[in-house]
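Read through the structure below, which is laid out as structure tokens, and then see the notes.
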């Protein structure tokens, strides 16, 4: 039996013997509503911690997982959620770096092998053996969740669990995208899509010293962007964003596309100046056509950026702890997850929704 299979079997057995139940929101089949039901409460195995979840952010990735949208399918049945924040209730054998009572977060990068070339180079988010919270393993849409002690995020003192939950994905993802963009303080960057990720990306960009153009098709989201410090805003319904950006600021050094439409990606690419970079973050179920001639002639780079490493997470949380970044959140009880997903599909969420337990 392979190691991963053995670990999965051991977790199942530990869950069965934990003795009590917990409430969880479960994906039983793709494209069906989640079922909120009692599940066996898991127990911490060797090297793991058991976390009593206080809050869990709702990410668009969770909706993709529930629909089975991507080529790599999540496990079924599945408890989604990779923005879970809570208090350690139990530590497993061999855990010495954490203790009961510590507040931690359970992110998308649930674990990595630590031995492959990517892990050894500090690129653990590219590890081919990684596990992902709320996707390949059960996540935070539950009253309890187990996670490897080496990969949970330590939440700085003074941060509210509801407000910090989105930093575990939306925060670290957009912070990492800005880091790899190559932009320097004083450069212009464009944020395409001022939603759950975009409104946080804008705050990181300002805190990192960039000038920011915010692009969206909803006036209320552009109003939010201005309140968060956007230097320029463009409504993509009223004018071509790429043309407006080229005219207003001469193009941007980096465009961060967190929107989930093909058109937004194309416009983001066209808004980049010579020598600039398009950073692809959002994951529409589509292809991105890249004009080879212009890419070569203008020296444009196109990068994919996926969440962040444990170091990126520590840095992203530090910005939040210093009051530089704060997610705009609404709360909803776990029982309302299907209504939350419905609002998300219709684009009616301004900021981020966080489930409370």
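Here are some notes:
- Criterion violated by residue 38 - all others in (1) surrounded by 19 or more Cβ atoms within 10 Å (Cβ to Cβ); (2) in a strand (DSSP E or B) satisfied: (1)
- Filter pass, residue 205 being under 17 Å from residue 349 (Cα atoms), at pLDDT 95 or above, touching a helix residue (DSSP H, G or I) at 6+ places or on another chain (Cβ under 9 Å) and not in a strand (DSSP E or B): no
- Residue 217 meets each of the listed conditions (1) closer than 21 Å to residue 60 by Cβ; (2) within 20 Å of the chain's Cα centre (by Cα); (3) surrounded by fewer than 20 Cβ atoms within 10 Å (Cβ to Cβ) apart from (2).
- Residue within the range 107-119 that is closer than 17 Å to residue 143 by Cα and in contact with a strand residue (DSSP E or B) (Cβ under 8 Å, 6 or more places away or on another chain) present: yes
Every residue, every condition in (1) within 18 Å of residue 55 (Cα to Cα); (2) modelled with pLDDT of 95 or more; (3) more than 18 Å from the chain's Cα centre (by Cα), yes or no:
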| residue | (1), (2), (3) |
| --- | --- |
| 262 | no, no, yes |
| 265 | no, no, yes |
| 269 | no, yes, yes |
| 301 | no, yes, yes |
| 345 | no, no, no |
| 354 | yes, yes, no |
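The values are calculated or read from the model by the stated rules, or taken from the named source; none is laboratory data. Treat the numbers as computed from the prediction; the structure is a model and nothing was measured. All Cβ positions, glycine included, derive from the backbone under ideal geometry; neighbour counts span all protein chains shown.
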